[in-house]
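Bear in mind these aren't lab numbers, they're just calculated from the coordinates by the rules spelled out. What you are looking at is a predicted structure, and each value in this text was computed from that prediction instead of being measured. Using ideal geometry, Cβ is built from the backbone for each residue, glycine included, and neighbour counts are taken over all protein chains shown.
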Amino acid sequence: MQPWPVCPAWSPKLRPVWVNWRWSLWRPMAWFRSKNENFWPWLVLLLIFRSNQHWIQGRVERYSSTLPMSKPPSKPSSSRLKQSLGQGGRGRRRAAASRAVEQEKATPRQLPEHPRIPSAPAEVLTNKAEVEAFCAEARSAGEVAYDTEFIGEESYIPKICLVQLATPQRVVLIDPIQGAPLDAVWSLLSDPKVRVLVHSGLQDLVPIWRETGVPATNVLDTQVAAGFADRSFPIALSALVDEFVGITLDKSYTFTRWDQRPLRAGHLEYAADDVRFLFVIADALAARTAERGHDAKVKEECLTLVDPQTYTPDPVHRMQRALGNRKFNRRQRTALMELVTLRDHIAQTEDLPPRSVLKDDVCARVAKDMPKAKDALLAIKHFPRPVVEAWGDAILDLLGAVRKMESDDLVGGSPREESNQDRSRIDALHAFSSLLCWREGIDSGVGASRAEISRFYLDAKHGHRPVGVLDTGWRAELLGGPLFAMLQGETSLTFRWSAGPERADTSSSQP
């Protein structure tokens, strides 16, 4: 007997497969061939099926709702979950950016001579004595520019890779990865006698409060100040440097591996530039805000950056952020609030960013569907299997508890819906608010968002005194008062085109 049956000309392509399977399939196939004339078409179909069996099984495992689930560990393993979820897309983009800058060559540049621009190269500090000496120098100067480089997609608390500080004479880069302690830095930045200059500094200010329990108090954010100086908000630091210093910053190092050592010369220059020009920019913006009478507004707005409540949002705020524009009933909103709270607990336990555990959209879908089994959790798009295996029981127990809650224990009802007429009026008020800001040289992004104006309008419509950002501080005078007067019919808006730019005026009118 031949090792394989005589077959058509294309048989050599099948022979390796046939040789592997011949001992297990030869006898039944020989019998089948003796009984059927159309043997070869059946053989081809069998081979196609066998070659795709693993692919088919994988698809079944992905979509089946009856597969048995492995029992989750009694104590979740942080390392296992971190390895499963990985760094995600941000980590891959960061690695790609790091590889790209390795091919770049540094280009020499000439810094302008200015008493408020430190011209010497940045100094890298790696020991306690150097750090404490510079902090004492900055405390004597009474002002310091501050920034950090960190990686936030790999851990619950972002990993600080570099701290940049500057006085008008020096720029230093403090390297905690090489052993530089940061206690003296946090003490300096929380000193109310020292003015701290930052740009878009909310995330950079959080470590001060986290490490000392005391937030920074004397902060000027140049991004905020620019919003009150007839500049857009938010505005990039590179745009302000280009305008006030005349230098184009290299941003190719923004999203690279800042934890790799040694750092390239381009890394050091990029990090130094984040603080080197803040003194000149702050001085220029201060002159413009003083001219418009917005100094107090800038100071008030910067105080919100150092409010501890800004760093620790309450569960309702986290729920509203994940909810977005979705319309949920009270039980679904309660489930979402409890779920994002559990997500934060999981993230702390596993040392992962909360959105690496579950994205907001996934949390919202879980709260809406209220699944009762692990396979139903897996059926939700983008729900990570490792989270189901490690924390599936806890999530299902949480949802079960929400189902049993009494009505009085649920969170407040859904936000009041806007009618078509309401939407038109809110849009008009939003435009009115933007024009009021524009008239004062304030960017509308600093003023009030449409969501804040919507709450203001709906409160007034239902007979409640409007509360919120439009009822406090400088916004109450500049925006809240005119908007409420508009609702009461006591103010009208005239908008007309002229030979120059648009002009907006408010004037009294008959009620």
Spatial extent of region 420-508: Rg and Dmax, with the Cα atoms as the point set, Å: 12.8, 42
Cα centroid separation - region 324-355 against region 117-134, whole Å: 43 Å
Cα Rg, Dmax (largest Cα-Cα span) when computed across region 139-221, Å: 12.2, 37
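Fewest to most neighbouring Cβ within 10 Å: what's the order for ASP273, ASP314? Each step should come with its number before you reach the end.
Values: ASP273 24, ASP314 11.
Listing ASP273, ASP314 from fewest to most nearby Cβ atoms yields ASP314, ASP273.
Restricting the count to DSSP beta bridges whose residues both fall in region 100-311, what percent are antiparallel, rounded to a multiple of 5? Walk me through the numbers on the way to the answer.
Values: 11 of 20 bridges.
So the antiparallel bridges amount to about 55 percent of the total.
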Ranking of SER407, SER252, SER190 by count of other Cβ atoms within 10 Å, fewest first: SER407, SER252, SER190
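For the ranges 113-122, 380-389, 225-234, what's the packing order if you count other beta-carbon atoms within 10 Å of each residue, average per peptide, and put the highest first?
On the way: 113-122: 14.0, 380-389: 17.3, 225-234: 21.7.
The packing order, highest mean first, is 225-234, 380-389, 113-122.
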Segment ARG403-ALA136, length gained on full extension (0.36 nm per residue, minus Cα span): 90.3 nm
Principal semi-axes in Å for region 137-295 [√(5λ), Cα gyration tensor, largest first]: 25, 19, 15
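Can you pull the semi-axes for region 315-409, root of five times each eigenvalue of the Cα gyration tensor, sorted largest first, whole Å?
Values: eigenvalues 72, 46, 33 Å².
In descending order, the three semi-axes are 19, 15, 13 Å.
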Amide H within-cut-off set for VAL219, under 5 Å, with H built and near neighbours excluded: VAL196
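Just rank VAL469, VAL144, fewest to most, by other beta-carbon atoms within 10 angstrom. Display every interim value, and only then the final one.
Values: VAL469 18, VAL144 26.
Final ranking by Cβ density, sparse to dense: VAL469, VAL144.
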Inter-centroid distance (Cα atoms) of region 435-475 relative to region 140-203, Å: 34 Å
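Expected output is a single nm value to one decimal: the length gained when fully extending between ARG170 and GLN203, i.e. 0.36 nm times separation in residues minus the C-alpha distance. What is it? Spell out each step's value before the answer.
Numbers: separation 33, 0.36 × 33 = 11.88 nm, distance 2.37 nm.
Using 0.36 nm per residue and subtracting the Cα-Cα distance, I get 9.5 nm.
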For region 275-362, radius of gyration divided by Kirkwood radius, i.e. Rg to Rh on alpha-carbons: 1.20
Segment THR312-HIS345, length gained on full extension (0.36 nm per residue, minus Cα span): 10.5 nm
